[in-house]
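Working notes, structure below.
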Amino acid sequence: MKKAIVIYPVIEKLKKNIIENKLIETCNLAEAIYLDVIYKEYFLLKKPDPKGLMRKGKLNYFLEVFNEFNFKGNNNILIFAIDISPIQQRNLERIYKIKILDKTSLILEIFGERAFSKIGRVQVELAHLSWQKSRLVRSWTHLERQRGGFGFLGGPGESQIELDKRMINKRIKQLKLLIIKEKKTRDIQYNNRQKKKVPVVSLLGYTNAGKSTLFNSLTKLNVSAKNKLFETLDTKISYFYLPNIKRAYLNDTVGFISDLPTLLVEAFKSTLIEVAKADLLIHVMDSSSEEVEEQKKDVLKVLNQLEINPNSIDGPPMLEVMNKMDLPSSKGKIDISNLSNILFISAKTGEGIDKLKLEIDKNLKILNF
């Protein structure tokens, strides 16, 4: 296993528990791609240096930390829990002589490993190239070289950076055309479902809240539902059966996360738009998480980016479900008396699933299904 050190320079004003949870979440992301996190630390950074992010004192401090852990060479990766600029990344890599990932590049690594379907791989590649394109600004020394002209062409030639950008732009255009083609296919499938008058229910929520386990519980299927961040990337859809409305479609989408990079939202828009087309949304929350309220805000923020306004005139109705009630860490943490509109379930044990089905049934009946 490659070793990793996670650093969180806190630029915005946040509560201590939120800072600690963001740091832990980044460590969990690193462990999701099998990195061994040997050290983690956060610190307040009032004025980030545009060139090196940190000032000289902090740069030297972390040099000492790295020496203490013998943290050097190709088998070690330094991870920042925030996004850093291409210039900052280049300069830090020169100083520390080590590979560096920021939050977006770390999530891209995970997405690259977890995308199995054709459209999933296309979306990940699009996100990766969009990210890479934004970093072709004197990021690497080879980009500053010039390609000399020959014969009648002469002149200084085309810079490597221009050539790389042109190639990336060409590939991005190809990928966007593939996504448009996939969107048309999805639209045809959606229209067919509409003609059959079969309602569509969509699961959404923070990553690792238990959406895939609930999907399995409702559909009686066995899709992968491991206790990992971003275990589900490819949208899954299947029939499930209700007490009164005999049959409905259920789909499971990619999980959300705090500060989900905009380029990932953009790349996965064609998949996430399934949420907007659903007749009913089920927001799955993790009752064992201490940051369940913050996670709820992050989910609603992504929905806002997708221009989806649940429980409004323009948006689909949404049920809120508190999952993982079987875990000891959930007991005593939640005051049920104050949460009358929320359903409490355990997708793993089946607790509360029948009540959830009845509630889905009731909401779909209101929508004339």
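Here, each number is a calculation from the coordinates, and none is a lab measurement. Predicted model, so just to flag it, every value in this text is computed and none were measured. Every residue, glycine among them, receives a Cβ derived from its backbone with ideal geometry; neighbour counts consider all protein chains shown.
Were the residues from LEU44 through LYS15 laid out at 0.36 nm apart, the gain over their Cα-Cα distance would be 9.3 nm.
The order of the peptides 102-109, 306-313 by mean Cβ neighbours within 10 Å, most packed first, is 102-109, 306-313.
Are any of the pairs LYS277/LYS355; LYS324/LYS362; LYS165/LYS296; LYS220/LYS277 more than 26 Å apart by Cα-Cα distance, and if so, which? Table pairs above 26 Å Cα-Cα are LYS165/LYS296. Using the structure shown, list the pairs from LYS16/LYS47; LYS3/LYS173; LYS22/LYS58; LYS133/LYS269; LYS99/LYS211 with a Cα-Cα distance above 29 Å, or answer none. In this structure, LYS3/LYS173; LYS99/LYS211 lie more than 29 Å apart at Cα.
Assuming R0 = 41 Å, can you tell me the calculated FRET efficiency for the pair SER134 and LYS277, based on Cβ-Cβ distance, to the nearest 0.05?
Numbers: r = 30 Å, r/R0 = 0.74.
With R0 = 41 Å, the Cβ-Cβ based efficiency is 0.85.
Taking other C-beta atoms within 10 Å as the exposure proxy, PHE69, PHE268 rank PHE69, PHE268 from fewest upward.
Using a simple spin-label model with pseudo-atoms 7 Å out from Cα toward Cβ, PHE69 and ASN169 lie 4.1 nm apart.
This ranking places TYR8, TYR34 by how few other beta-carbon atoms lie within 10 Å of each, fewest first, which gives TYR34, TYR8.
Sorted from fewest to most neighbouring beta carbons within 10 Å, what does the list PHE111, PHE66 look like? Before the final figure, lay out the partial values.
Working: PHE111 22, PHE66 18.
Going from sparsest to densest Cβ surroundings: PHE66, PHE111.
Rounded to the nearest 20, the size of the Cβ-charge dipole of the chain about its Cα centre is 1120 debye, with Lys and Arg at +1 and Asp and Glu at -1. When the Gaussian network model of the chain links Cα atoms closer than 10 Å, the mean-square fluctuations of VAL198, VAL321, VAL299 top out at VAL198.
Just for the chain, what percent of DSSP beta bridges are antiparallel, to the closest 5? Provide the component values of the computation, followed by the final result.
Numbers: 8 of 43 bridges.
Around 20 percent of the beta bridges assigned by DSSP in the chain are antiparallel ones.
Taking only the alpha carbons of the chain, we obtain Rg and Dmax values of 23.4, 82 Å in that order.
Please work out whether region 3-101 counts as rounded, prolate or oblate from its C-alpha gyration tensor, where a ≥ b ≥ c are the square roots of the eigenvalues and a/c under 1.5 means rounded, while otherwise a/b larger than b/c means prolate and anything else oblate? Since a/c reaches 1.5 but b/c is at least a/b, the shape of region 3-101 is classed as oblate.
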